[in-house]
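The values are calculated or read from the model by the stated rules, or taken from the named source; none is laboratory data. Keep in mind the model is a prediction, meaning the values are calculated, not measured. As a convention, Cβ positions derive from the backbone with ideal geometry for all residues, glycine included, and neighbour counts pool all protein chains shown.
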Amino acid sequence: MKNNKLLTVMLIILVSITLIGVVLFVVLTQLNKQSATLEPSIDDILECSVDVPEITTNLADGKFIRIELKIQTDSKNAAKELEKRNFQTNNIIIEELSELTEENLKGKEGKILLESTIKARLNELMQEGEVQQVYITSYIIQ
């Protein structure tokens with residue numbers, strides 16, 4: 001009889017410890033997901049961004065484009081590096097635009113393609129962090 005009671009108490013304690021462990025695991029996992037998915041504030045984004053002043057260049061079809069960009073990086077150090085690389089940034093933008101025509105840049109898809117191409121080319125250069133997003137802030141083709 002005493003063995004049976006002891007076994008029951010031990011089983012209850014074991015199940016209780018297991019349940020507490022599972023609850024703690026679930027709570028900690030959910031807290032980590034929430035902290036990982038927090039979006040940076042607009043102030044954080046601006047601190048890690050670099051403005052590319054207006055660039056005017058010819059397109060492949062003889063038209064010309066005036067464009068301004070804002071490039072968002074993943075850290076302040078990456079933004080500082082990108083500011084120092086402004087001549088390389090301008091060169092990449094001009095090279096990419098000179099290969100495109102007005103038709104290539106029409107519509108949302110053309111602009112997204114340009115942004116992603118510039119992002120990829122800049123990330124090849126970066127040593128301190130990476131470019132997260134390229135935004136077109138001004139755009140005129142004539």
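Things to note:
- Test: residue in the stretch 61-76 that is closer than 21 Å to Tyr135 by Cβ and in a helix (DSSP H, G or I): yes
- Sole residue being of a type outside the set (Lys, Arg), under 17 Å from the mean Cα position of the chain (by Cα) and either at pLDDT below 95 or closer than 15 Å to Ile55 by Cβ (or both), chosen from Glu103, Glu128: Glu128
- Check on Asn104, over 13 Å from Thr57 (Cβ atoms) and either outside the structural domain of Glu47 (by TED's automatic domain parsing) or in contact with a helix residue (DSSP H, G or I) (Cβ under 8 Å, 6 or more places away or on another chain) (or both): yes
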